[in-house]
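K.L.:
Have a look at this one before I ask anything.
Read the figures in this text as sums done on the coordinates, not as results from a lab. Everything numeric here is computed off the predicted structure, so don't read it as measured data. All Cβ positions, glycine included, derive from the backbone under ideal geometry; neighbour counts span all protein chains shown.
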Amino acid sequence: MTSVTMPQVAEEEAVSTATFEELYARYATDVLRVCYFYLGDRQRAEDICQDVFVKLITSSPVLHVGKEKSWLLKVALNRCRDLWRGGWIKRVVLGHPAFELIPGPNEIAEAEEKQALMAAINHLPADFKEVVILHYYQGFGIAEIAQMLGVAEGTVSSRLSRARDKLQKLYQGEE
């Protein structure tokens, strides 16, 4: 499998808008997945994913090589937060299952575990949910998440630790 390489530019130079198609091809799925995890609604996640890439085209931000995904996910999380704060989402979406799992006959127990884990993740406070999604589902390190969210690395570590504790309690039905 070959990978598409980005044009070689100095770190100070912005990625050209000619690479929009490459950025979309590389990161649209990740942006959509983060939005879906956050909101639990595929249509709204698709809308936000589209908004993120429209913003990329219209605002022409300065993106440095290697930081494109961080910028896209940061914009996506901000849009998800804005939508989540709205009254409609709280009335209609809360309690909606986050995954549409259709397990095969041999995967029922595994699917139930995943569903219980996602339900527990969806009950976490937004700050905890964000770091869990970025760290465990997107593979970002603590330093990258700290930069993306604009918080200290210690804050990210603390949120991850507290989120794991809270998840364990939620997952086991203690809270």
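K.L.:
Could you give the distance between the Cα centres of the stretch 112-129 and the stretch 34-59, to the whole Å?
P.N.:
20
K.L.:
Could you list 36, 137, 24 in order of exposure, starting from the residue whose Cβ has the fewest other Cβ atoms within 10 Å?
P.N.:
Fewest to most other Cβ atoms nearby, the residues stand as 137, 24, 36.
K.L.:
A 29 angstrom limit on the alpha carbon distance is what I want to check against. Which of 55/169; 69/169; 55/129; 55/114; 55/166; 67/114 exceed it?
P.N.:
55/169; 69/169; 55/114; 55/166; 67/114
K.L.:
How do the peptides 149-159, 25-35 rank, highest first, by the average count of neighbouring beta carbon atoms within 10 Å per residue?
P.N.:
On the way: 149-159: 15.3, 25-35: 18.7.
With the highest mean Cβ count within 10 Å placed first, the list reads 25-35, 149-159.
K.L.:
Here's a follow-up. Would you please put 39-45, 71-77 in order of how densely packed they are, using the mean number of other Cβ atoms within 10 angstrom per residue and starting with the highest?
P.N.:
71-77, 39-45
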